[in-house]
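Working notes for the structure below.
The values are calculated or read from the model by the stated rules, or taken from the named source; none is laboratory data. It should be emphasised that the depicted structure is a prediction, and the values quoted were computed from it without experimental measurement. Positions of Cβ are generated from backbone atoms using ideal geometry, with glycine treated the same way; all protein chains shown enter the neighbour counts. Protein only, heavy atoms only, side chains kept; ligands, DNA and RNA dropped before computing areas. Shrake-Rupley method; radii C 1.70, N 1.55, O 1.52, S 1.80 Å.
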Amino acid sequence: ENELKKFIESSGIPVVTTLNGVDALEGAHSFAGLHGNVFANIAVKNSDVLLVLGARLGQQQVGKNAQAYTTAKVIHVDVDPIEFGRVMPTELKIQSELKPFIEKLNDILATSPLSSPTEWAKQVQDWSDKYDAAQHVNVEGIDPVRAMKSMSKSFSKSSVLTSDVGQNQMWVAQMFRKKGTQRLLNSSGLGSMGYSLPAAVGASYARPNEPILAFMGDGGFQMNMQELMFIAQRKLPIKCIVLNNRTLGMMRMHQNKYYGGRFVGATTNEFDCVDLEKIAAAYSMRFKRLSDESEIGSLDSWLKDDRPCLIEMSLSINSKLTNRYDESEVIENERFEQ
């Protein structure tokens, strides 16, 4: 991380990340990809060159048509040569671990500095400012991205965030902007629902006495909610935040969007969430329910103390999540003339 930070500061090259890389660098323009922030996807679309550090450029990142994602030339650095050219054509392949590669770049820049791409960096920042609110797409009830952005003002710079699998995972990533030594732990490859709570327990032991925020949907929470016993018993400083839309939201969203609203396992007749206040009481944990964004400020003291708690954020059953295909017209409108 230190070598990367030094390289970015000396080169001035703007940075966007993958989902797994959102906590790699303070000051990055969030993450690009299927559910990434629109300004990050616009930046990738308009780039001449992509210096890809360790990213696999999978379908979740670039989609089914790599040329529609970007026509940039790719310089790909990876320890695994199998990743080269697997999805996108590669101009230059460099098999290396990242640390020695970036150290070598920094040595070269020390004697042969680059001309900082000031105008390009400003353009990317302008897109970031212009489209920062583009992920706020929920007009019914609480908008989860906006609510969590507001909540993040109370996060310590040493916080560890964990997220589960589903809509909540992408809402958290869209909101997240790394500060200090913050980390965001995701279950990305296997996509294991129920990941957030046990990951938070592990993070708490890895960073004792640091605040841990475990975000999850009501589906993933109910797969591993027995971990509340361990959290409460050991008095771990874990804030369990359930984004409760009373459905398997990602599944319901796709069934509505691509299957004409033919819902299977995604209605309250087939799936529902238990009474979380009673669950908290059963495990002797403090409980707070948020039903309106105006209540976010009341969480400040809860998020800053060292006591575990269960917080429910009540969302609409039809809460939405943006993706790159929904934003294709916006991205295209910002495309530079070729």
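Quick check on my filter: what residues within the range 274-305 are among the small types (Gly, Ala, Ser) and either in a helix (DSSP H, G or I) or farther than 24 Å from Asn138 by Cβ (or both)? Within the range 274-305, Ala280, Ala281, Ala282, Ser284, Ser294, Gly297, Ser298, Ser301 qualify. Scanning the range 235-256 for residues that are closer than 24 Å to Lys320 by Cβ, in a loop (DSSP other than H, G, I, E, B) and open to solvent by less than 30 Å² (accessible area, probe 1.4 Å) yields Asn245, Thr247. Inspection of the range 154-173 finds a residue satisfying the criterion of being surrounded by fewer than 20 Cβ atoms within 10 Å (Cβ to Cβ) and part of a helix (DSSP H, G or I). Does any residue of the range 53-63 turn out to be farther than 23 Å from Arg335 by Cβ, out of contact with any strand residue (DSSP E or B) (no Cβ under 7 Å at 6 or more places or on another chain) and polar (S, T, N, Q)? For the range 53-63, residues farther than 23 Å from Arg335 by Cβ, out of contact with any strand residue (DSSP E or B) (no Cβ under 7 Å at 6 or more places or on another chain) and polar (S, T, N, Q): absent.
Checked against the criterion of being over 26 Å from the mean Cα position of the chain (by Cα) and not β-branched (Val, Ile, Thr), the candidates Gln95, Gln60 yield just one match: Gln95. Scan the range 112-132 and tell me whether some residue there is among the aliphatic types (A, V, I, L, M), open to solvent by 90 Å² or more (accessible area, probe 1.4 Å) and within 22 Å of the chain's Cα centre (by Cα). The answer is no; no qualifying residue exists. Residues of the range 292-318 that are surrounded by 16 or more Cβ atoms within 10 Å (Cβ to Cβ), closer than 15 Å to Met148 by Cβ and either out of contact with any helix residue (DSSP H, G or I) (no Cβ under 9 Å at 6 or more places or on another chain) or free of Cβ contacts under 8 Å to residues at least 60 places away in the same chain (or both): Ser314 alone. Examine the range 16-23 for a residue that is modelled with pLDDT of 90 or more, buried (at least 20 other Cβ atoms within 10 Å of the Cβ) and among the hydroxyl-bearing types (Ser, Thr, Tyr), and state whether such a residue exists. Scanning the range 16-23 turns up at least one residue that is modelled with pLDDT of 90 or more, buried (at least 20 other Cβ atoms within 10 Å of the Cβ) and among the hydroxyl-bearing types (Ser, Thr, Tyr).
For every residue, the table says whether it meets (1) at pLDDT below 95; (2) touching a helix residue (DSSP H, G or I) at 6+ places or on another chain (Cβ under 7 Å).
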site: Ile142; (1), (2): no, yes
site: Val172; (1), (2): no, yes
site: Phe176; (1), (2): no, no
site: Ser188; (1), (2): yes, no
site: Gly191; (1), (2): yes, no
site: Leu197; (1), (2): no, yes
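Condition test on Ile331, is it outside any loop (DSSP other than H, G, I, E, B), among the aliphatic types (A, V, I, L, M), open to solvent by less than 20 Å² (accessible area, probe 1.4 Å) and modelled with pLDDT under 95? Yes; evaluated as a whole, the condition is true for this residue. For the structure I just gave you, tell me whether Leu19 is within 18 Å of Asn323 (Cα to Cα), hydrophobic (A, V, I, L, M, F, W, C) and in a loop (DSSP other than H, G, I, E, B). Against the criterion (within 18 Å of Asn323 (Cα to Cα), hydrophobic (A, V, I, L, M, F, W, C) and in a loop (DSSP other than H, G, I, E, B)), Leu19 qualifies. Note on the range 33-118: enclosed strands (runs of 3 or more DSSP E) holding 1 or more residues that are in contact with a Leu (Cβ under 7 Å, 6 or more places away or on another chain) and of a type in the set (A, V, I, L, M) are 49-53, 73-78. Give the residue that is farthest from Phe287 (Cα to Cα), with candidates limited to residues of the range 219-234 that are of a type outside the set (S, T, N, Q) and not in a helix (DSSP H, G or I). Per the criteria, the residue is Arg234.
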